[in-house]
Protein chains: 4
Amino acid sequence: MKAIGRTRWAIAEGYIPESSDPVSRQLESHETACMLNAGGRDAHVEITIFYADRDPVGPYRVTVPARRTLHLRFNDLADPQPIPRDTDYASVFVSDEPIVVQHTRLDSRPTALALLTTVAYADD
Amino acid sequence: MKAIGRTRWAIAEGYIPESSDPVSRQLESHETACMLNAGGRDAHVEITIFYADRDPVGPYRVTVPARRTLHLRFNDLADPQPIPRDTDYASVFVSDEPIVVQHTRLDSRPTALALLTTVAYADD
Amino acid sequence: MKAIGRTRWAIAEGYIPESSDPVSRQLESHETACMLNAGGRDAHVEITIFYADRDPVGPYRVTVPARRTLHLRFNDLADPQPIPRDTDYASVFVSDEPIVVQHTRLDSRPTALALLTTVAYADD
Amino acid sequence: MKAIGRTRWAIAEGYIPESSDPVSRQLESHETACMLNAGGRDAHVEITIFYADRDPVGPYRVTVPARRTLHLRFNDLADPQPIPRDTDYASVFVSDEPIVVQHTRLDSRPTALALLTTVAYADD
């Protein structure tokens, strides 16, 4: 299959709640960047995290193998440093191959569950 | 009415929870691809499912008749094989006529209900 | 302010639950098309509703005055005919002036509240 | 990092519920415009609020510093005047530098929590 997508993406919304009382890892509050690489070559992606009141941090480096999807939890990013909780952030993705990026947040702070998602902004 | 839409679409997010305790089929956890074919010719759509750690599966073939909408549950896809539960996936749609694709998830795992939706990524 | 937006929009997702037990009109289950006309001339919008298994119905006609927003509930559409409940549908908007269209669903079927929104698909 | 985004954005959906019974500021009902300025120059943004039945109000002026994100609550806008509660509105953002805008609503009216988000409409 021919590659589909773009090489530069941005997600302006970002926020990981401090505390949750999860039943399981699946239901723990988290933010996810869903990346799809439908093409025939591995995509090397560099993620930069932007904050409200300090310099950007990154790049975080991940690989989305050819013809695979990677659903990356921002909670799991560790190198160069974890993303602080209860802090506004935003993210930019730069890939060497076309990918599609979609953003999801699961919020389990209340007793009920809230989900949100949106396709990220793709730059030309 | 003139056709509206594109012929290649991608949804990077995909996840069908394993278990739910549905009151009804309407409230069972599911993921849906809403397709609209506003044009005058039937649209033949091939769907490919991408995974994190195995080869893509497909195509699944569906037809969206002229001037009709089809709200397809990923849960119902069976041929060539059902989509496993509790598994990250992504999807690509290739149509021979312009269509519009929107993605919805209803999550009834907790006692409350969570809905999410986004318009899919349309490739040029 | 200069006009912003497009003249053709599509929302592939559409579904109004049959029953809800609303506290108020604000919390009744509904689907809304939020339209913004930032320009200096009234926008005359024709809406067509598409179904899975019957011919499209329309046009429904609404006007978004110059420099105004109109948040239209699909529940309230009546002429030429109301939209049936518990039925999949999709919608296309054609305007004589550029507008922006965003789609929201509030679902109050369960005891909790679920909201979803997405910007509609804008055709070129 | 090279700037990413556009200079004109619109959010057709806007609504701040009148009353909520918040546990905390984090869980109070609110609408947020998440703005990302990934470029090297400060972005000066003018926001105009559109209503259903009165003239637009604005501009509200905010600055998104270079290489920063700003998650702005519509609830907090005060000059030239606050946004009334329980009122439909829409918003347009005009920036002198490319930015990315995403819209989020947290609704805590019921006992549970509802979140919605979408990337705003970016005009060419």
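Here the label points at D:E46 and C:E18, each 7 Å from Cα along the C-beta direction, are separated by 5.3 nm in the simple model.
In straight-distance terms, cross-link reach from A:K2 covers every one of the lysines whose alpha-carbon lies under 18 Å from its own, apart from those fewer than eight places away in the same chain; here that gives an empty set.
Expressed in Å, the radius of gyration and Dmax of the Cα atoms of the range D:43-84 are 11.5, 38. Between copies, A:A52 shows label-point distances of 3.1, 3.1, 4.4 nm, shortest first, with the point placed 7 angstrom from Cα along Cα to C-beta.
To the nearest 0.05, what FRET efficiency results for D:T7 and A:A66 with a Förster distance of 45 Å applied to their C-beta separation? With R0 = 45 Å, the Cβ-Cβ based efficiency is 0.80.
Taking the label point 7 Å along Cα→Cβ, D:T7 and its counterparts in the other copies are spaced 2.5, 2.5, 3.6 nm apart, in ascending order. Note on B:D53 and C:T87: their simple-model spin labels are 4.6 nm apart, each label 7 Å out from Cα toward Cβ.
With label points defined 7 Å past Cα in the direction of Cβ, position A:P82 shows copy-to-copy spacings of 3.8, 3.8, 5.3 nm, given to one decimal and shortest first.
Where a number appears in this text, it was derived from the coordinates with a stated rule and is not lab data. Owing to the predicted nature of the structure, the values given are computational and were not obtained by experimental measurement. Every residue, glycine among them, receives a Cβ derived from its backbone with ideal geometry; neighbour counts consider all protein chains shown.
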